[in-house]
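Asker: Sending over a structure as structure tokens; questions will come in a sec.
No lab work stands behind these numbers, since they all come straight from the coordinates. Everything numeric here is computed off the predicted structure, so don't read it as measured data. Virtual Cβ from ideal backbone geometry, glycine too; neighbours counted across all protein chains shown.
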């Protein structure tokens, strides 16, 4: 993190006054053309207003009944203390929200809301970009299709998406794409505009393209340009392009756009509270690797459905139990270890989900800048969080997030 930076209080979007006024004065306006929606501190406003900057499609909740979450709010969690993993001074759960630039956080215990807070411009009814938490929704959809026998994890990608015949994906298996053990010429370096993720962002149109840009104009055109680098299946390397291919496979299998599949297979049957927004490229292809914008309670509902083995309380099963069993069993620890995640010892990655440290079988959906669904089956707990941390990579806030989640789980186990 830079030495000189605004803290969570001074960068609060309400305090900064972004987009206030009718019209807002020039110094308070945020514009896509300057990539303000992806730059700190402006992104602290933009992440709760992404449809104002980029085209979106609706993920409809339909007309069905809402899955009403019971409330059993408690006043003892703010004072739960933990030691950061990086050796910093002890923090309380409440202090960690500011340290981690939290925009909203909710804790479910045994299916009831025991804690819920909103900060800045984020409210209960505010869609917020989930970034790579989106991947876990897509990975779950793929596992559902595997459970139904409609997708074969051993199938080569080229048999599923012939358009990728000349790419590095061609001879990778579906399972290798799902678990990100593909060997590709693609770098996930967020600070390098010339990296693979930078090139994909240009194709997607997430940020303004550089002058004279002549590269792919959409994600469908970009993915076939990614080459192979090594042998598939040997090691885990986190690359968002895998999820774009996976989203394409899910959509092609269902013969529907990804947002519609998500609506019909998860959003509507789970009784989500609100529609979600899905960022689109110029072809109308949803940004499978990071473009979902739900409200916080709907993130928590999804996590709770996963914890309950795929069903809502008293309702029919929505997600096949074998799909969740496949995810929660985790991936290859041997393949994961060389990636060198300092704060994720003895962990793994499976079907676009992260297996977490500890002995209770916790696993998580994780997105840049602090987006999280954290599921601890042993503690009967789900945490959903939105954030707008100045640094994209989870390694910047894992030391003050992961032990906080574990401390809250321990507290709930001990105190019921």
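Asker: Any chance you could run the full-extension gain for residue 317 through residue 58? It's 0.36 nm times the residue separation minus the Cα-Cα distance, nm to one decimal.
Answerer: 90.8 nm
Asker: Could I ask something else about it? Can you give me the convex hull volume of the Cα atoms of the chain, divided per residue and expressed in Å³?
Answerer: 143 Å³
Asker: Ok, one more. Full-extension gain between residue 346 and residue 189, please, as 0.36 nm times their residue separation minus the C-alpha to C-alpha distance.
Answerer: 54.2 nm
Asker: How large is Rg/Rh for region 18-123, to two decimals, with Cα atoms and a Kirkwood Rh?
Answerer: Across region 18-123, the Cα-based Rg/Rh ratio is 1.06.
Asker: Suppose each label sits 7 Å from its Cα in the direction of the beta carbon; what would the residue 33-residue 231 distance come out to in nanometres?
Answerer: It is 5.2 nm.
Asker: Ok, one more. Consider all pairwise Cα distances in region 13-55 and report the whole-number % of them above 14 Å.
Answerer: 41 percent
Asker: Express in whole angstrom the spacing between the alpha-carbon centres of region 317-373 and region 205-276.
Answerer: Result: 20 Å between the Cα centres.
Asker: Compute the separation of the alpha-carbon centres of region 21-67 and region 395-416 and state it in Å as a whole number.
Answerer: Result: 30 Å between the Cα centres.
Asker: Expressed in nm to one decimal, what extension gain is obtained for the pair residue 66 and residue 325 from 0.36 nm per residue of sequence separation less their Cα-Cα distance?
Answerer: Between residue 66 and residue 325, full extension yields an extra 90.6 nm.
Asker: Still on this structure: Let a ≥ b ≥ c be the square roots of the eigenvalues of the Cα gyration tensor of region 75-204; is it rounded (a/c under 1.5), or, if not, prolate (a/b larger than b/c) or oblate?
Answerer: Prolate, because a/c is 1.5 or more and a/b exceeds b/c.
Asker: Let me make sure I get this right: for region 199-277, a, b and c are the square roots of the gyration tensor eigenvalues over alpha carbons, sorted descending. Under 1.5 in a/c it's rounded, otherwise prolate if a/b > b/c, else oblate. Which is it?
Answerer: In terms of gyration-tensor shape, oblate.
Asker: Another question, if that's okay. Go ahead and estimate [θ] at 222 nm for the chain from helices alone: -39,500 (n - 2.57) per DSSP H run with n ≥ 4, summed, over the residue count, rounded to 500.
Answerer: Helix contribution divided over all residues of the chain: -7500 deg cm²/dmol.
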